[in-house]
Amino acid sequence: MSTKHAVNFGTKIIFSGIVIGFCAFHLISDRTPKNQELYLCGLVATLAYLQPSPKASTE
């Protein structure tokens, strides 16, 4: 793995961890249904961003 890819991966993990932690904290502490929907969407979107994209094999 090149340095550029390592930095990109590390940055994704750090910022995603911050967003996931923020959303999870607010889901647990805030009981307003409208706010729960907002933080749940943020949590799901961040987890979806971390999933690898499907690639078509040309071999």
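Bear in mind that the values in this text are calculations on the coordinates, not laboratory data. Owing to the predicted nature of the structure, the values given are computational and were not obtained by experimental measurement. When we count neighbours, we look across all protein chains shown, and the Cβ atoms used for this are built from the backbone with ideal geometry, even at glycine.
Computed about its Cα centre, the charge dipole of the chain is approximately 100 debye, with only Lys, Arg, Asp and Glu carrying charge at their Cβ.
For helix 33-50, report the angle its Cα long axis makes with the longest principal axis of the Cα atoms of the chain; keep it between 0 and 90° and round to the nearest 10°. Value to nearest ten degrees: 10. Multiplying the residue separation of ILE14 and LEU27 by 0.36 nm and removing their Cα-Cα distance gives an extension gain of 2.7 nm.
A simple packing score, the average count of other Cβ atoms within 10 Å per residue, orders the peptides 44-51, 14-21 as 14-21, 44-51, with the highest score first. Against the chain, whose longest principal axis comes from its Cα atoms, helix 3-29 is set at around 20 degrees. Entry note, the chain: the mean residue ellipticity at 222 nm calculated from DSSP H runs of n ≥ 4, each adding -39500 (n - 2.57), is -26500 deg cm²/dmol after division by the residues and rounding to the nearest 500. For the chain, trypsin sites (Lys or Arg not before Pro) meeting the loop criterion (DSSP other than H, G, I, E, B) and having at most 15 other Cβ atoms within 10 Å: ARG31, LYS55. If I compute P(r) over Cα pairs in 5 Å bins from 0, in percent from the structure I just sent, which labelled value in (1) 4, 17, 19, 18, 14, 11, 8, 5, 3, 1, 0; (2) 4, 18, 24, 18, 12, 11, 8, 4, 1; (3) 4, 20, 31, 22, 15, 7, 1 lines up? Read-out taken from this structure: (1).
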